[in-house]
Amino acid sequence: MTNDVWLLARAWSTPSGFVRGARFVFRTIGGLATGKRLVGLGGALSCSLMWIVRDQQTPVWLSSPIVDLVVEDGAVVGAVVDKEGRQVRVRARRGVVLAAGGFARNKEWRMKHHGVPGYSAAPEGDLGTAIGIGAGVGAALELMDDAWWGAGTVGPDGSHGFILSERSMPFSIVVDAAGDRFTNESASYIDFGHAMLGHTVPGPTWLITDVRHTRRYLSTSYLGRKKQWLAAGILVEAPTLNELAERIDADPARLAATVDRFNGFAQTGVDADFGRGRTVYDNYYGDPRVKPNPNLGPLERGPFRALRLYPGDLGTKGGLLTDADARVLREDGSAIPGLYAAGNTTASVMGRTYPGPGSTIGPAVVFGYRAARHAAKR
Ligand SMILES: Cc1cc2nc3c(=O)[nH]c(=O)nc-3n(C[C@H](O)[C@H](O)[C@H](O)COP(=O)(O)OP(=O)(O)OC[C@H]3O[C@@H](n4cnc5c(N)ncnc54)[C@H](O)[C@@H]3O)c2cc1C
């Protein structure tokens, strides 16, 4: 499924995208027809891991959140979990691995560490409980002020979404409330998110698209909900750029100047302001049929659309500081015996950057494995 996404984004604009889209549709229909429940993306990974757990007959307690750790002589020797309303102490001879996500949905912590409430696409239960419990037994915390930022959407019902390929594809730009571009729209989501947060012009940020963007590329944020989004003013449509600017309260002359300049870049293939479309990463979510630069397409044909963007994220980066064996460390660098952590409960091994896809799940799997190997030797 992950390998489908980049081609699906251009299912209507390239033959390879169309073939991939058709394969995806037939695979889904085939699954339904044969009674198979197909899963993709993270669900596929979780299912594969759960298969191994079942195969090994490892007992699994669902809906049994950790509420505390059991510490004896400075070492973690177990955990207290809430099981069906009862607090149960579970003894752990080798160690406890905390892997209960980050704190993307903890509004109080978000305000304290990020200064914004956060419009996260992470699950609602991402409340930082395990980070708090780890800190309670002396763990050091790192990167608490950072997240897997990116451009997000907030629907009329308050639901949060995440924008990826839409802002990178040609025939689009992102502007601030004044009507100016301020960054490379095709940059990685982290870089784009950092640029959004660092941009000081007050007011909303908009993704402006030409009708070719609307027709050719997959846009999932308001799929099947266009009417409601238009009614809420989160999505705005107009036959001309002038009218669009008026409807989003931007200066029409300034937006026209921004678009003129950008259209010039689309012609030469070089974005002289922000270097959009210069790297292989940028081109990944581009349209190879658009020349000379797959990320730069002019905004000329209406109706034009403006989609309001928010500083969204896929989760938080901050958490418990760990070493190469996923052991949880104290401020003085010493390891807390018997305590391990992996995934978004830990401070990301990637620091503040985004080296590429899999930057969260990859390390979560690797350090979960390393924790188990280390604990098994204790
Ligand atoms: C839309 C979206 C797309 C993404 N795409 C990618 C991608 O392509 N590649 C990539 O690498 N990453 C991606 N990510 C990020 C990735 O999904 C997360 O970083 C990753 O799932 C974090 O794993 P985790 O195990 O740390 O936390 P989670 O997957 O959040 O799992 C934490 C688990 O702990 C449970 N839990 C919570 N509190 C407690 C408690 N007190 N006690 C016990 N259990 C508890 C939760 O119910 C949950 O089951 C994406 C995220 C989103 C939202």
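FYI, it's all coordinate maths here, none of it is from the lab. For clarity, every value in this text was computed on a predicted model and none was experimentally measured. Methodologically, a virtual Cβ is constructed for each residue, glycine included, from the backbone with ideal geometry; neighbour enumeration extends over all protein chains shown.
Tabulated data for the structure shown
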{"item": "Under DSSP loop assignment and at most 11 Cβ neighbours within 10 Å, longest GluC sites (Glu not before Pro)-free interval of the chain", "result": "125-330"}
{"item": "Residues whose placed amide H lies under 5 Å from that of Ala11, excluding near-sequence neighbours", "result": "Leu218"}
{"item": "The chain: C-alpha gyration tensor shape, a/c 1.5 cut-off, then a/b vs b/c", "result": "prolate"}
{"item": "Order of Lys107, Lys377 - criterion: other Cβ atoms within 10 Å of each residue's Cβ, fewest first", "result": "Lys377, Lys107"}
{"item": "Theoretical gain in end-to-end length, Arg289 to Asp68 [0.36 nm per residue, Cα-Cα removed]", "result": "74.0 nm"}
{"item": "Using alpha-carbon coordinates, inclination of helix 41-55 to the longest axis of the chain, degrees", "result": "20"}
{"item": "Phi to ³J(HN,Hα) by Karplus 6.51 cos²θ - 1.76 cosθ + 1.60 over the range 76-88, Hz, x for Gly, Pro", "result": "7, 10, x, 9, 9, 10, 8, 10, 6, x, 10, 7, 10"}
{"item": "Filtered trypsin sites (Lys or Arg not before Pro), the range 204-304: DSSP coil and at most 14 other beta carbons within 10 Å", "result": "Arg289, Arg301"}
{"item": "Cβ-based net charge around Ala11, under 12 Å, with every Lys or Arg adding one and every Asp or Glu removing one", "result": "+3"}
{"item": "Between the range 305-357 and the range 51-118, the alpha-carbon center distance in angstrom", "result": "16"}
{"item": "Phi to ³J(HN,Hα) by Karplus 6.51 cos²θ - 1.76 cosθ + 1.60 over the range 21-28, Hz, x for Gly, Pro", "result": "x, 5, 4, 5, 5, 5, 4, 5"}
{"item": "Fewest-first sequence of Trp148, Trp12 by Cβ atoms within 10 Å of each Cβ", "result": "Trp12, Trp148"}
{"item": "Net +/- balance of residues flanking Pro239 in space, Cβ distance below 13 Å, scoring K and R +1, D and E -1", "result": "-2"}
{"item": "Under Karplus coefficients 6.51, -1.76 and 1.60, residue-wise ³J(HN,Hα) of the range 194-207 in Hz, glycine/proline x", "result": "4, 5, 4, 5, x, 7, 9, 5, x, x, x, 10, 10, 9"}
{"item": "Nonlocal amide H pairs with Gly101, under 5 Å, H built at 1.01 Å", "result": "Asn344, Thr345"}
{"item": "Global form of the range 1-60, assessed from the alpha-carbon gyration tensor, a/c cut-off 1.5", "result": "oblate"}
{"item": "Computed [θ] at 222 nm, deg cm²/dmol, the chain (DSSP H ≥ 4; -39,500 (n - 2.57); rounded to nearest 500)", "result": "-10000 deg cm²/dmol"}
{"item": "For the range 124-180 versus the range 11-46, the gap between their alpha-carbon centres in whole angstrom", "result": "28"}
{"item": "Prolate/oblate/rounded label for the range 153-313 (Cα gyration tensor, a/c 1.5)", "result": "rounded"}
{"item": "For Gly312, residues with placed amide H under 5 Å, excluding near neighbours", "result": "Gly150, Ala151, Gly152"}
{"item": "Cα-centred dipole magnitude for the range 132-227, charges only on beta-carbon of K, R (+1) and D, E (-1), debye, nearest 20", "result": "700"}
